[in-house]
Every structure is written in structure tokens, then in C-alpha cells.
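Below: the structure, in C-alpha cells.
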Amino acid sequence: MTSASGTYACLPCAAPIDTFDTPTFTIPVGAIDTHAHVVAAVSEYPMVEGRSYTPPPAPEHKYLAMLDALGMDHGVLVQISVYGTDNRYMLDVLRRNPQRLRGVAVVKSEIGDRELRDMHEAGVRGLRINVLFGGGIDFSELEKLAHRIKEFGWHMQLLMDVQALPELMPRMLRLPVPAVFDHMGHTPAASAIGSAGFAAMLRLVADHGCWAKLSGAYRLSESSPGYPDVVPMARALIDAAPDRVVWGSDWPHVGLSPQRMPNTGGLLNLLAEWSPDASMRQRILVSNPARLYGFAADSSR
């Protein structure tokens, strides 16, 4: 079972559901899913030994089929932790889909300038810090990486429980690039509202140019289906920074048992409750992520 603390056994996890609930609202042209992963079906991309889970294949064609089914014109791939800093498969997929996809990579601070430029040309627009799953890069590299990517206009993406954020605030305020918080801060919904960590994230997105992903509700909630305890979190983030929130599917929902596997279409439909206003959903799905990841706001494939 998953938890917002990120404690996962290194065991095989379930495959995503291959059918998708029909959208309950009109998906705007140019919609962008800002958070998903791909897992190769071939052994030439080996997984790291220190990973927290072992996912089944979730290859390029299934990922693109998911985007099509949800009405997403674009997508953003995030380097999955089981590959560590070996970004090859994600980069291969990006290069085959240059108009449709962007990416967030995982690298060490000693990476060469040429490799960073190659990643930018492939469509990478950010780097990920991950303190919840084995295979990630931790906060010891935060400032070094942030200064390495400033010239590219990238951001730092943070997979963390924001209850640890107050002690990091001095470092966060000095970052030379924006930060993007995964999964609404990846903290349990039952204790998020009113907590010092969630309040710190709200201050950063409201007043200091940071961003948040409206994603991963099933990782935060103890109430399913529908995850009603996550609604106040999503609405608080939207109210705090309507121009710096984006939506992500988190497909293929790694680290879950079959009993907890969500329907990806159902996760998209949660956005209608989190943001009943169609013009706000347009910002969340199109204009905000287009600006963050460098898509043309009115483009589609």
C-alpha cells in the first residue's frame, strides 16, 4: 500500500487500467497532461538496484494512446525513479514526438553542458528532485542543479512531502529558477489544510513564483472513490496561484496494488469539481502548462 511518506516495498506493482472513463466536461484544444512516466518493454534500459518498486512496461504507444483517450493534445514525461539518472528511454520518446511532448529529467550536478543542451533540444524543460523513492536525486544537489539550468529557462520539480518544507524555506527563496511541487505537495489530505508545510507551499506558489501540480489525489487520500478530502487542497492551490497550477494524470500510477489502481479518465474528471469554472480549467489545462513547458498555447498535434 502506498502512503504520502513514500514508503514502498521494492515489489512488482500493478499495471494501469487500459480503459478510461469518458470526460464529463469539454476538454479544451491544446490540453496538456503535465505528469506521466514511460517504462520500456525491452531490457536495454535497465532499472536501478536501489529502486522502491518494479513497474510493468508502460511503453510509448500505450502512453500516447492514453493521451488520445483523454483528449490531451500534449504531454509532459517525468523521468521515472526506477531508471535513476539514465534518461535514455524518456529522451528517445521525446525525440520521436517533438511537437507533442516535453520532459523533466533526473541528473547529477556534474552533468556536462553539452548533455544539458542536448536534453533541451530534445524537449526537456526541468529537473526533478525526489526524496520519496529510491533512484532519485535528493536536496543536496538542489542549488547546484538550479544554477546549471538557469540559462535554459528550466525549473526544479520537487517530489517531497511538504511537511518538510518550512525548514527548507530559506533555500527555496534563494533559488534562481522556479520550483514545481509534485502531487499538491504529496502530503496526507487528512492533515494538509492548516499545516505549516502546506501553508509554506501556498506562500511559495502565491508570492514567490513557484508552481503546483494538481495530481496524485489517490496518493494523498484515505477516501475513495472521488477523494473528497483532496478537494480543499486542490481549491486552495487554485485560489492561491490561478496562473501557476497545472494538471497531471500521474499515469501509469506506479507503486499501487490492483485494488488501489485509479481510472485515469476518472482522475481527469476530478478537475470539474476542483475547478467548476471552464475558463479556469482552460488555464490549468492549456495556458498555464504551455507557458511552463514551452508549448504554443493554442497548438494541438
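Quick notes on this one:
- Every pair of residues 6+ apart whose Cβ atoms lie under 6 Å, when the first sits in the range 11-34 and is farther than 16 Å from SER215 by Cβ while the second is of a type in the set (Phe, Trp, Tyr) and crowded, with 17+ Cβ neighbours inside 10 Å: CYS13/TYR53
- Residue in the range 41-55 that is touching a Lys or Arg at 6+ places or on another chain (Cβ under 8 Å), closer than 27 Å to PHE295 by Cα and in contact (Cβ under 8 Å) with a residue 24 or more places away in the chain present: no
- Cβ-Cβ distances below 6 Å connect the following pairs, each with a first residue in the range 221-246 that is without any contact (Cβ under 8 Å) to a residue 40 or more places away in the chain and aliphatic (A, V, I, L, M), a second residue that is surrounded by 14 or more Cβ atoms within 10 Å (Cβ to Cβ) and in a helix (DSSP H, G or I), and a separation of six or more residues or different chains: ALA240/LEU202; ALA240/VAL205; ALA240/ALA206; ALA241/VAL205; ALA241/ALA206.
- Checked against (1) surrounded by fewer than 19 Cβ atoms within 10 Å (Cβ to Cβ); (2) under 20 Å from the mean Cα position of the chain (by Cα), ASP113 meets all criteria but (2).
- The sole residue among VAL78, VAL48, VAL29, VAL38 that is of a type in the set (Val, Ile, Thr), modelled with pLDDT of 95 or more and within 16 Å of GLY134 (Cα to Cα) is VAL78.
- Residues satisfying the stated conditions in the range 138-166, i.e. touching a Gly at 6+ places or on another chain (Cβ under 7 Å), part of a helix (DSSP H, G or I) and closer than 23 Å to THR34 by Cα: VAL162, LEU165
- Of all residues in the range 234-249, those satisfying the criterion of being surrounded by fewer than 24 Cβ atoms within 10 Å (Cβ to Cβ) and of a type outside the set (A, V, I, L, M) are ARG235, ASP239, PRO242, ASP243, ARG244, GLY248.
Each row is one residue, and each column tells you yes or no for (1) crowded, with 22+ Cβ neighbours inside 10 Å; (2) more than 16 Å from THR34 (Cα to Cα).
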{"site": "TRP211", "(1), (2)": "yes, no"}
{"site": "SER224", "(1), (2)": "no, yes"}
{"site": "PRO232", "(1), (2)": "no, yes"}
{"site": "THR264", "(1), (2)": "yes, no"}
{"site": "GLY294", "(1), (2)": "no, no"}
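- On the stretch given as the range 179-188, residues that are in contact (Cβ under 8 Å) with a residue 60 or more places away in the chain and over 18 Å from GLN79 (Cα atoms) total 2.
- Search result, residues across the range 243-276 that are under 24 Å from TYR218 (Cβ atoms), assigned to a loop (DSSP other than H, G, I, E, B) and either among the aliphatic types (A, V, I, L, M) or out of contact with any Ser or Thr (no Cβ under 6 Å at 6 or more places or on another chain) (or both): ARG244, PRO252, HIS253, VAL254, LEU256, SER257, MET261, PRO262, ASN263, SER275, PRO276
- Scan of the range 98-109 for residues that are buried (at least 19 other Cβ atoms within 10 Å of the Cβ), more than 16 Å from the chain's Cα centre (by Cα) and not β-branched (Val, Ile, Thr), ordered by number: ARG100
The values are calculated or read from the model by the stated rules, or taken from the named source; none is laboratory data. Here the structure is a predicted model, which means the values were calculated and not measured. Note that each Cβ is placed from the backbone with ideal geometry, even for glycine, and that neighbours are counted across all protein chains shown.
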